[in-house]
1. Of everything in the range 194-212 that's in a strand (DSSP E or B) and charged (D, E, K, R), which residue is nearest to residue 128 (Cα to Cα)?
2. Please specify each residue of the range 118-137 satisfying the condition of being more than 10 Å from residue 220 (Cα to Cα), among the aliphatic types (A, V, I, L, M) and open to solvent by 40 Å² or more (accessible area, probe 1.4 Å).
3. Hey, among 41, 26, which residue is in contact with a Lys or Arg (Cβ under 9 Å, 6 or more places away or on another chain), crowded, with 18+ Cβ neighbours inside 10 Å and without any contact (Cβ under 8 Å) to a residue 60 or more places away in the chain?
4. Can you name every residue in the range 199-218 that is at negative phi, open to solvent by 80 Å² or more (accessible area, probe 1.4 Å) and among the polar types (S, T, N, Q)?
5. I'm told residue 149 meets every condition in (1) in a strand (DSSP E or B); (2) surrounded by 14 or more Cβ atoms within 10 Å (Cβ to Cβ); (3) of a type outside the set (Phe, Trp, Tyr) except one. Can you identify the failing condition by its number?
6. Can you say whether residue 137 is closer than 27 Å to residue 5 by Cβ, of a type outside the set (D, E, K, R) and at pLDDT 95 or above, as far as the supplied structure shows?
7. Could you tell me whether residue 62 is over 30 Å from residue 16 (Cα atoms), at pLDDT 95 or above and surrounded by 15 or more Cβ atoms within 10 Å (Cβ to Cβ)?
8. For the range 213-243, which residues satisfy the criterion of being of a type outside the set (A, V, I, L, M, F, W, C), over 23 Å from residue 128 (Cα atoms), assigned to a helix (DSSP H, G or I) and touching a residue at least 40 places away in the same chain (Cβ under 8 Å)?
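The values are calculated or read from the model by the stated rules, or taken from the named source; none is laboratory data. As the structure is a computational prediction, the values presented were derived from the model and not from experiment. Here Cβ is always computed from backbone atoms with ideal geometry, including for glycine, and neighbour counts include all displayed protein chains. When the accessible area is computed, the model is the full protein with side chains, heavy atoms only, and any ligands, DNA or RNA have been set aside. Shrake-Rupley method; radii C 1.70, N 1.55, O 1.52, S 1.80 Å.
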Amino acid sequence: MNEELRWQDWRQARLAELSGPDSWLGLIGLYWLEQGLNRVGSAEDCPVRLPEGAQYLGDLDWQEERLTWLPAGDLPRDLQTDIDGQPSVVEFQNGSFFVVDREGRLAVRLRDGGWADKRDFAGLAYFDYDPAWEIEADWLELDPPLAMEVPNVSGDLNLVKVSHQAVFLMDGQTVTLLPMSVGEKEVFFVFRDRTSGKDTYGAGRFLKVPATVNRKIRLNFNFSCNPPCAFTPFATCPLPPPENWLSFPVLAGEKKWLGK
């Protein structure tokens, strides 16, 4: 499959993801937990506050490495966070919640299962596909590796260890990009460019590309996309480090979502 056809399929997958019941658009709350019991319900004294329904739904009991859901009038249930993949989901009436782990801090994400009946999602806008933004870069090792403090939208700093960088030429100038994470199948970047805050989301965009081959990495900026925090205030997206603030406009990928 050529890259433009793959891009078209990717756009359809993005639309399905953001239109679905598990969309970022359905999040309605983010509540940081404390060690011990955390009361869940619609009552004012509940640290995890539901918008409606039962005043007391149960307790989340966080004891060191163990997280247990203690539902009112039902049996306890151990919960998994998202640290190793898909988290456990607790469903109630028209909503659900799950727990995320952010550098050892736990937070409840609250989701409205019926969000799509309450608001319209008209899809996303894109720059036209442009093969000029399919860039083959050198994948160079950093010796010694770089320890980089990366802020997120919540104001927290996360330490990221960077062992490689992507290096390419743009209009005769050498450009470098530092990855946020490197996996066996995928490399993840966060960047800003001269379109940020104008045609594209102000805090930057994400770019996920296939793993490297023979010290080369293919950066197809047509697949640049909005981070979750472009769609909800209840995400904890990393922000691009200064090293990834590009001095030129990247006229490719997703444009700014206008909330319609």
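1. Residues of the range 194-212 in a strand (DSSP E or B): 196, 200, 205-210.
Pick out the ones that are also charged (D, E, K, R) and you get 205, 208.
Numbers: 205: 17, 208: 19 Å.
By that ranking, first place goes to 205.
2. Listed by number, the residues that qualify are 122, 125.
3. On the way: 26 fails: without any contact (Cβ under 8 Å) to a residue 60 or more places away in the chain.
Residue meeting the stated conditions: 41.
4. none
5. Among (1) in a strand (DSSP E or B); (2) surrounded by 14 or more Cβ atoms within 10 Å (Cβ to Cβ); (3) of a type outside the set (Phe, Trp, Tyr), the lone unmet condition for residue 149 is (2).
6. Details: closer than 27 Å to residue 5 by Cβ: yes; of a type outside the set (D, E, K, R): yes; at pLDDT 95 or above: yes.
Criteria met by residue 137.
7. On the way: over 30 Å from residue 16 (Cα atoms): yes; at pLDDT 95 or above: yes; surrounded by 15 or more Cβ atoms within 10 Å (Cβ to Cβ): yes.
It is true that residue 62 is over 30 Å from residue 16 (Cα atoms), at pLDDT 95 or above and surrounded by 15 or more Cβ atoms within 10 Å (Cβ to Cβ).
8. 243
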